1. Would you call Val104 in a helix (DSSP H, G or I) and at pLDDT 95 or above?
2. For the range 99-137, enumerate the residues that are within 16 Å of Glu19 (Cβ to Cβ) and open to solvent by 40 Å² or more (accessible area, probe 1.4 Å).
3. Scan the range 181-219 for residues that are of a type in the set (D, E, K, R) and surrounded by 13 or more Cβ atoms within 10 Å (Cβ to Cβ) and jot them down.
4. Might you let me know whether the range 62-84 holds any residue that is among the aromatic types (Phe, Trp, Tyr) and outside any strand (DSSP E or B)?
5. Taking Ile22 as the residue in question, decide whether it is open to solvent by 60 Å² or more (accessible area, probe 1.4 Å) and part of a strand (DSSP E or B).
6. Hey, any hits in the range 12-29 for a residue that's under 16 Å from Ile152 (Cβ atoms), at pLDDT 95 or above and acidic (Asp, Glu)?
7. Just checking, which of Leu17, Leu96 is in contact (Cβ under 8 Å) with a residue 40 or more places away in the chain and open to solvent by less than 30 Å² (accessible area, probe 1.4 Å)?
8. From the residues in the range 172-227 that are of a type in the set (Gly, Ala, Ser) and within 20 Å of Cys85 (Cβ to Cβ), which one is nearest to the chain's Cα centre (by Cα)?
Amino acid sequence: MREVDLDELDAQQVQLLAEMCILIDEHDRRIGAETKHNCHLNENIDRGLLHRAFSVFLFNTENKLLLQQRSDAKITFPGCFTNTCCSHPLSNPQELEESDAIGVRRAAQRRLEAELGIPMEEVPPEEINYLTRIHYKAQSDGIWGEHEIDYILFVRKNVTLNPDPNEIKSYCYVTKEELKELLEKAACGEIKITPWFQIIADAFLFKWWDNLNHLNQFVDHEKIHRM
């Protein structure tokens, strides 16, 4: 593995590269653990390294979706607009627990606080709903990328926000129409959005959004959507 120069990267984000992600096979079976650094190197992704992740979609009581713009300090996809929160469960006893995806939901609670400043008591795991999983791969640049099985999590609640500027450049609540305008801007190159958010928006998001009161019909814990 060639040496990657981290000196030009944000020091706070570099520290997070030491976190241990959960390595999985293509069926989401745990096969080990590896650093966030090594999980996100394209050269390892090209060899098939795959890790577990999650994407949270948080809606307020007006059914508006909370979006964030990733900070320019982020190592992968800096400055991109994306869904509420996207991160990884860690290889520790709390977040490895697989029954009803409770480990992943605990990780989501942790990262909602770390990124957006949402108090953990406002988003208990039992109010974070697991819909389904997607498997995707995407390069951020010549060095870094993503290769994940991504748990799709929905939350419907008004929450308190106090974002960490090292994680988030901006945030906003959007209606369906406003998100469609944002996606059009991305298609024209006016803004950037993350590839996983683009995939989910294209394939699933709007039909889920139309049925927020009836999401049970979309719950599928067996299938992994290969995107």
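1. Against the criterion (in a helix (DSSP H, G or I) and at pLDDT 95 or above), Val104 qualifies.
2. Arg106, Arg110, Glu113, Ala114
3. Applying the first criterion (of a type in the set (D, E, K, R)) to the range 181-219 yields 181, 184-185, 190, 192, 202, 207, 210.
If the condition is that a residue be of a type in the set (D, E, K, R) and surrounded by 13 or more Cβ atoms within 10 Å (Cβ to Cβ), then Lys185, Lys192 are the ones that fit.
4. Step one: of the range 62-84, the residues among the aromatic types (Phe, Trp, Tyr) are 77, 81.
Still in the list and also outside any strand (DSSP E or B): 77.
Checked the range 62-84: at least one residue is among the aromatic types (Phe, Trp, Tyr) and outside any strand (DSSP E or B).
5. Values: open to solvent by 60 Å² or more (accessible area, probe 1.4 Å): no; part of a strand (DSSP E or B): yes.
For Ile22, the condition - open to solvent by 60 Å² or more (accessible area, probe 1.4 Å) and part of a strand (DSSP E or B) - is not met.
6. Yes, the conditions are met somewhere in the range 12-29.
7. Step by step, each of Leu17, Leu96 is checked, and only Leu17 is in contact (Cβ under 8 Å) with a residue 40 or more places away in the chain and open to solvent by less than 30 Å² (accessible area, probe 1.4 Å).
8. Ala201
The values are calculated or read from the model by the stated rules, or taken from the named source; none is laboratory data. Everything numeric in this text was worked out from a predicted model, so none of it was measured. Reconstructed Cβ throughout: ideal geometry from the backbone, glycine too, with neighbour counts over all protein chains shown. In case anyone asks, the SASA skips ligands and DNA or RNA and just uses the protein heavy atoms, side chains included. Shrake-Rupley method; radii C 1.70, N 1.55, O 1.52, S 1.80 Å.
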